[in-house]
Amino acid sequence: FSSRRRHTRYISVTGVQTCALPISQVMAEAAQRHDVQRFILISTDKAVSPSSVMGATKRVAELLMQGVHTSNGHAFTGVRFGNVLGSAGSVIPRFLEQIKAGGPVTVTHPEMRRYFMLIPEAVQLVLYAAALAKGGELFVLEMGESIKVVDLARNMIRLSGFIPEEEISVTFVGRRPGEKLQEELIDTNETLEPSSVERVFRIRSSYVPEPAFLSKIAEELEKRAGAGDTRGVIDALKQIVPTYRPADPPLSPPIPSAKREFRRMRRIGSVG
């Protein structure tokens, strides 16, 4: 969103899951040109020790956001989310549909655990970040213990008036490439610092790449992705995100229209 009230502009942005890097970079560059004073990047816990391209590009987007801040003096900051219950793509609507259909309810793995937060908590975190930001920080909400996804599924079956495994079964379908059993909120080279708001923490990282290096790698990533060079993208991501461990087997072939999509986003970002 953008607001001109009191001569201050705010912008909050989240990238499409498979294209987090180019969208975030285009938006950050546009915000710079238009003198946006507070820019909030919506990131994810999948950016921590990523095992997928989505998570790795989210981590690069975080670094780019911090690099943009150091170059213009405005408050460019970010927040890391866990899974937001009830949001688009949440497991809750899918579980409800499966229960309504009589089952089975599908879970990837019996030991799969995730951090969950409510929509009001997610909104508050963004607003707190906008209020607290000095620039270059990442914020995260203290979310307690992670929850087993299978326990969530069984509780939803009970709350719907059925008996798990007897009236509606739970089926394990297996993990997808790059999907971790347990997500984390901070990386091994990061620490948490308290903020002035209870349960909201700042993330401090000991790994801060030079802005020139970031810009060079981002350009290289865009070229390789546009050319459909999957292996080149992975190699470039490894350079900038040392904790990135690609899934095995390798990624599926890239979308043929990737180059056109990159050009389209660049045109959108240059408007105005």
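The values are calculated or read from the model by the stated rules, or taken from the named source; none is laboratory data. Model, not experiment: these values are computed from the prediction. So basically every Cβ, Gly included, is an ideal-geometry build from the backbone, and we count neighbours across all protein chains shown. Accessible surface is based on the protein model in full, side chains and every heavy atom, while ligands, DNA and RNA are left aside. Shrake-Rupley method; radii C 1.70, N 1.55, O 1.52, S 1.80 Å.
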Exercise. Just give me the residues in segment 116-132 being buried (at least 18 other Cβ atoms within 10 Å of the Cβ) and within 17 Å of Met156 (Cα to Cα), in sequence order.
Key: Phe116, Met117
Quiz item: Looking at (1) open to solvent by less than 30 Å² (accessible area, probe 1.4 Å); (2) in a helix (DSSP H, G or I); (3) aliphatic (A, V, I, L, M); (4) closer than 25 Å to Ser205 by Cβ, can you tell me which one Ile99 breaks?
Solution: (4)
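Quick one: which residue in Gly269, Gly232 is at negative phi, more than 19 Å from the chain's Cα centre (by Cα), modelled with pLDDT of 85 or more and part of a helix (DSSP H, G or I)?
Values: Gly269 fails: modelled with pLDDT of 85 or more.
Matching residue, one of Gly269, Gly232: Gly232.
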Practice problem: Check Gly67, Gly82, Gly86 and return the single one that is closer than 27 Å to Glu165 by Cα and modelled with pLDDT under 85. | Solution: Gly86
Quiz item: Between a first residue in segment 224-241 that is open to solvent by 30 Å² or more (accessible area, probe 1.4 Å) and a second residue that is aliphatic (A, V, I, L, M), which pairs have beta carbons less than 8 Å apart while being 6 or more apart in sequence or on different chains?
Solution: Arg224/Val233; Arg224/Ala236; Gly228/Ala258; Thr230/Leu251; Gln239/Ile217
Practice problem: Go through (1) touching a Leu at 6+ places or on another chain (Cβ under 9 Å); (2) at pLDDT 90 or above; (3) exposed (fewer than 15 other Cβ atoms within 10 Å of the Cβ) one by one and return the number of the condition Leu192 breaks. | Solution: (2)
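Within segment 158-178, restricting attention to residues that are out of contact with any strand residue (DSSP E or B) (no Cβ under 7 Å at 6 or more places or on another chain) and open to solvent by less than 40 Å² (accessible area, probe 1.4 Å), which residue is nearest to Lys148 (Cα to Cα)? Spell out the reasoning first.
So in segment 158-178, the residues out of contact with any strand residue (DSSP E or B) (no Cβ under 7 Å at 6 or more places or on another chain) come out as 159-161, 163, 165-167, 169, 174-178.
With the extra rule that they be open to solvent by less than 40 Å² (accessible area, probe 1.4 Å), the set shrinks to 174, 178.
Values: Gly174: 15, Gly178: 18 Å.
Restricting to residues being out of contact with any strand residue (DSSP E or B) (no Cβ under 7 Å at 6 or more places or on another chain) and open to solvent by less than 40 Å² (accessible area, probe 1.4 Å), the top hit is Gly174.
Kindly provide the set of residues from segment 105-141 that are part of a loop (DSSP other than H, G, I, E, B) and under 30 Å from Pro164 (Cβ atoms), ordered by number.
First, the residues of segment 105-141 that are part of a loop (DSSP other than H, G, I, E, B): 108-112, 115, 133-137.
Selection gives Thr108, His109, Pro110, Glu111, Met112, Tyr115.
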Quiz item: In segment 198-220, what count of residues is obtained for those that are open to solvent by less than 30 Å² (accessible area, probe 1.4 Å) and outside any strand (DSSP E or B)?
Solution: 4
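Step by step: first the residues of segment 142-157, then only those that are touching a strand residue (DSSP E or B) at 6+ places or on another chain (Cβ under 8 Å) and modelled with pLDDT under 85, then the one that is most open to solvent (accessible area, probe 1.4 Å). Which residue is that? Walk me through how you get there before you give the answer.
Applying the first criterion (touching a strand residue (DSSP E or B) at 6+ places or on another chain (Cβ under 8 Å)) to segment 142-157 yields 142-143, 146-150, 152-154, 156-157.
Now restrict to residues that are modelled with pLDDT under 85: 142-143.
Details: Glu142: 77, Met143: 27 Å².
Here the residue is Glu142.
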Exercise. Spot the failing condition for Glu183; the list is (1) of a type outside the set (A, V, I, L, M); (2) within 19 Å of the chain's Cα centre (by Cα); (3) open to solvent by 30 Å² or more (accessible area, probe 1.4 Å), and only one is missed.
Key: (3)
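With the structure loaded, tell me whether Glu210 is more than 29 Å from Arg94 (Cβ to Cβ) and modelled with pLDDT under 85 or whether it fails that test.
On the way: more than 29 Å from Arg94 (Cβ to Cβ): yes; modelled with pLDDT under 85: yes.
Yes, satisfied.
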